[in-house]
Amino acid sequence: MNPARLLPAVLMLWSCASSTPAPRAAPDLVPESWTTKRDTTPVLDRWWTSFEDTLAVHLVREALTNNHSVQIAAANVAASQAQARIAGAARLPQASAAGSGSRNKRSFIGFPIPGAAGQTQSTTSTSFSADVAVSWELDLWGRLRAGHAATIADLQAVEADWRAARLSLVAQTLRAYFGVVEAQRQVNLAEATVQSYDLSNRQVQSRYERGLRPTLDLLLSRASLSSAESVMHQRRLQLDVAVRQLEVLVGRYPAGRLRTSTRLPGVPSPIPAGLPAELIGRRPDLAAAQRRLAASDARVAEARRNLYPRIGLTASGGRSSEGLGDLLDGDFGVWNLVGNLTQPLFQGGRLRAGIDLAEAHAERAVVGYAQAALRAFAEVESGLAAEGLLANQESALTAASRESTDARILAEQRYAKGL
């Protein structure tokens, strides 16, 4: 089950790219580590530095160092590396050394030994041995090789998960940082709004005391001021929550003491046309799905080869003697060489069921890879579409803010003139 056969159908849906890249096939059963293959497409590795915000860069570095989710992902990588070494060890000869020493006493009761009537005779013996045993399963059908390939692919998938966790953490940290800056600006705006409504209320109060305004205007003015104060407290609460969330992401205690700038970072340069289509295969989540698909294929091969005979060789050699010093004498050498052949005949359908189970997992991995590919393209498509829509929204909001400012100035002038 090659993931390359899934990509053409998925790439047909790509609408924002100027060109479609050629799909790459999944590696064989014993793949070269995909981590050693580098895409030559230019990309900014530390892309978060493009925002040119010193505090944001510092917080990202702190998060990558202290965040517990990334540390868990790194521990998973270490565990998978150990599991891969365990699986690879089965393909190599297994050797063990042993040494023993014993001293025995045996009594002869009831035996007619001349000259020993009425006495219990005994004998004492001493023996020493040292030997080395070597066993090796000949992997003629590739069963062990397939199992090792599956663990290697699992390791590569976990490594991709670790990279995905780091990438996600960077995005979450920056999003949380921008959220804190936005929340702080919302607080500043709410405080300015309260000041504006307070000024308006004092003006209405003054005119009311001089009999120039009715009681309704005063009540409405006070209600507007109270509503503005309520919004201000709500914005302060949102700022506190945003700050604590950011502190948790970077691995700090959520004390709510982190302070950021009130200036949003600048927007990086636009994304070149066609670049997302070329880089989509470098997404860690897509790479992880691909490697899990390769692992499932390898396990199908391993399950099928469990039906074949297993050939094993066992050899041992050493020395055995009654004297410890004689262990170095070649005349006391012993050895043993055994070959065995095991062919499964009847196991109640267990091996066939194992094949069906591995194939079902492989089919699930195919669907998972297709789902990951579609999700990756959908996210990039949505991001590209949102870039233009958000730019239009920003222009509209800027125009609305400018018109609102002019309307406020005009209203103040008309109010001051009693119009």
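The values are calculated or read from the model by the stated rules, or taken from the named source; none is laboratory data. As the structure is a prediction and not an experimental result, all values here were calculated from the model. In this analysis, Cβ positions are derived from the backbone assuming ideal geometry, glycine residues included, and neighbour counts consider all displayed protein chains. Accessible surface areas use protein heavy atoms only, side chains included; no ligands, DNA or RNA. Shrake-Rupley method; radii C 1.70, N 1.55, O 1.52, S 1.80 Å.
For the stretch 131-197, which whole percent of the accessible surface, found with a 1.4 angstrom probe, sits on carbon and sulfur atoms?
Answer for the stretch 131-197: carbon and sulfur cover 57 percent of the accessible area.
How far apart, in nanometres, would the label points at Ser127 and Asn336 be if each is projected 7 angstrom from Cα along the Cα-to-Cβ direction?
1.2
Would you mind putting 363-370, 392-399 in packing order, based on average other-beta-carbon counts within 10 Å, highest first?
363-370, 392-399
What distance in nm separates the two pseudo spin-label positions at Glu363 and Arg414, each 7 Å out from Cα along the beta-carbon direction?
7.2
Roughly what would the spin-label model give for Ala74 and Gln343, points 7 Å off Cα along C-beta, in nm?
5.3
Using a cut-off of 9 Å between beta-carbons, work out the net charge of the residues near Ser296 (Lys and Arg +1, Asp and Glu -1, Ser296 not included).
Net charge in that neighbourhood comes out at 0.
Quick query: amide H of Leu138 versus all other amide H atoms, modeled in the peptide plane; which residues come in under 5 Å with a sequence gap of 5 or more or a different chain?
Ile311, Gly312, Leu313
Compute the length gained on full extension between Arg207 and His58: take 0.36 nm times their separation in residues and subtract their Cα-Cα distance, giving the result in nm to one decimal.
Result for the pair: 48.3 nm of gain on full extension.
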